[in-house]
Amino acid sequence: MGNVLSQDEVDSLLNGISDGKVKTETDTPERGEGLKVYDFTSQAGPSLASMPALGTINERFVGFSRASLSAATRSVIDVTISSAESVPFDEFSHSIPLPSSLNIFKMAPLKGFGLLVMEGPLVFAFVDTFFGGKGNGQVKPEGKDFTPIETRIIEKVIGIILGDLEHAWSDVHKIKMVLARSEMDPQFAAIANPNDSVMVNRFVVEFGNTSGNMAICIPYATIEPLREKLRQGLQNEKVEVDQRRRKHIQEKIKELAINVRCTLGMAKITGRELLEIKVDDVIPLEQGVNDSITVSVEDIPKFRGFPGTRNNKQAIRISERVNKE
């Protein structure tokens, strides 16, 4: 019981703590160090891993846009995806650098809008390329509007990109991507409430030694009706792709030129007889006069038939199919 404090000792200890003479430790960080503010009104976004078809859509979009943008600019353009994430719209909106071209587009028949962001360096790289340059355009100062010529080129590029995006989505769901309007100020491009979850895909577009960034933002609420398709999209798409591939191969096979050979008969002779063969010699075949002959396709016996003529040309009438066991 020697470790039990008396009442006088307890009072002395409490007074020392109050006066600061006795130092104590606390588990509470000073000034909120190590703490992160959490907004309970924020809507938790879906896991991208739960909708794997979105990754396939991105890969298809990258391939389509790489080809179409290169063709449109008559230069080699590379497009790669840098990130794909689900964030609150407010967080994405505040991450947009200025100047940028903010392009709001419809996704019919889905409700809502998507947002295609082309950062300033990328915009002016396209402008420079369309005028015969190497994509080294000068970035416009913040607050300056795009000129009519720059706006027209932007609209042309956006049209190409939206067409590629529409094509990329086609295997999951038929969606019509239509440009609604373009803005430069993020506050006029609010396609969702600040706390709404949005899917953000960021891409890097490279022109030789020059590169620029673009992002495609789609509210989760807009694509929510397609949730099951996006979850099972890879399976469904694989089946659809296999069917299309099979049909494509079948059509190509129909166009192939195939060698067909008819064998009238065979005979065996010695090497001496072969060396002594001369013009007008007759070699008897094992084939009977009234027997059918073999018809081979690419050296593989497929049919049997009888020789004859048609339209002053030798011909073969197929009598049966060869069944190889």
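Any read-out appearing in this document is the output of simple, stated calculations on the displayed coordinates, not a laboratory observation. Keep in mind it's a predicted model, so treat the numbers as computed, not measured. Glycine also receives a Cβ, built like all others from the backbone with ideal geometry; neighbour counts cover every protein chain displayed.
Remarks
- Over all distinct Cα-Cα pairs of the range 48-114, the Kirkwood formula returns a hydrodynamic radius of 14.6 Å.
- Of Lys111/Lys174; Lys156/Lys176; Lys111/Lys229; Lys176/Lys247; Lys106/Lys174, pairs whose Cα-Cα distance is over 24 Å: Lys176/Lys247
- Cα-derived Rg over Rh, computed across the range 257-321 with Rh taken as Kirkwood radius: 1.05
- Under a 5 Å amide H cut-off, with hydrogens placed 1.01 Å from N, Val322 pairs with Phe303, Arg304 among residues at least 5 apart or on other chains.
- J(HN,Hα) series, the range 311-321, from Karplus relation 6.51 cos²θ - 1.76 cosθ + 1.60, nearest Hz, glycine and proline x: 6, 6, 10, 5, 8, 9, 9, 6, 10, 7, 9
- If R0 equals 41 Å, the separation of the Cβ atoms of Asp78 and Lys254 corresponds to a calculated FRET efficiency of about 0.65.
- Whole-Hz couplings from phi, Karplus 6.51/-1.76/1.60, listed for the range 205-218; x for Gly and Pro: 10, 10, 10, x, 8, 10, 9, x, 10, 9, 9, 10, 10, 10
- Each other residue within a Cβ distance under 13 Å of Pro307 adds +1 if Lys or Arg and -1 if Asp or Glu, for a net charge of +4.
- Each peptide in 94-102, 274-282 was scored by the mean count of other Cβ atoms within 10 Å over its residues; highest first, the order is 94-102, 274-282.
- Leading residue at positive end of dipole, the range 257-321 (Cβ point charges), from Thr270, Phe306, Ala257: Ala257
- For the range 58-68, the Karplus equation 6.51 cos²θ - 1.76 cosθ + 1.60, evaluated at θ = phi - 60°, returns couplings of 4, 5, 5, 4, 4, x, 5, 5, 4, 6, 6 Hz by residue, with Gly and Pro reported as x.
- Each of the peptides 121-129, 195-203 was scored by the mean count of other Cβ atoms within 10 Å over its residues; in descending order, highest first, they stand as 121-129, 195-203.
- Rough spin-label spacing in nm, given labels placed 7 Å along Cα→Cβ, for Glu320 and Arg246: 3.2 nm
- Taking the C-alpha atoms of the range 48-246, convex hull volume expressed per residue in Å³: 112 Å³
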